[in-house]
Amino acid sequence: MPTPTEQQVFEISRETVISSISNFIRNRIDVVPNFQILDLIIPVERKIRSIVGGMETSLGTTLWEPLAKNLATLNDFEVVNENLPKPANMPANL
């Protein structure tokens with residue numbers, strides 16, 4: 001397979017980002033937030049920060065990992081979709 005074009009990389013990246021953020025929002029629609037003391041002081045800012053913090057936390061597995069896999073597939077790399085096993089005897093320097 002020839003090297004992916006800049007447009008192909010852009011499209012894969014764009015689709016992955018849109019999918020990741022859409023799924024995050026879809027999964028958050030029915031979540032009832034817990035009361036936080038900051039709701040009394042700065043309710044709007046606290047809610048925004050909560051959403052942003054949640055996205056920051058989940059982006060590793062919902063955005064960066066799928067993006068890396070999609071780009072790797074586009075570049076003809078073999079993608080392993082299951083977790084790799086932990087070595088039985090972990091070297092001490094790791």
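Quick notes on this structure:
- Computed about the Cα centre, the dipole magnitude for the chain is approximately 380 debye when only Lys and Arg (+1) and Asp and Glu (-1) carry charge, each at its Cβ.
- For the chain, the mean residue ellipticity at 222 nm estimated from helices alone is -18500 deg cm²/dmol, where every DSSP H run of n ≥ 4 contributes -39500 (n - 2.57) and the total is divided by all residues, rounded to the nearest 500.
- Gaussian network model of the chain, springs between alpha carbon atoms under 10 Å - residue of Asn23, Asn81, Asn70 with greatest fluctuation: Asn81
- Centroid-to-centroid separation of segment 48-79 and segment 4-21 [C-alpha atoms, Å]: 11 Å
- Between Thr73 and Gln8, the contour length at 0.36 nm per residue exceeds the Cα-Cα span by 22.2 nm.
- Exposed loop sites here are GluC sites (Glu not before Pro) assigned a DSSP state other than H, G, I, E or B and surrounded by at most 16 other beta carbons within 10 Å; excluding them, the longest clear run of the chain is 1-77.
- Answer label, with mean projected area of the Cα convex hull in nm² calculated from the coordinates and candidates [x] 9.1; [y] 5.4; [z] 10.7: [z]
We did not get these values from a lab; they are worked out from the coordinates using the rules stated. All values reported here derive from a predicted model rather than from experimental measurement. Cβ sites come from the backbone with ideal geometry, for glycine too, and all protein chains shown count toward neighbours.
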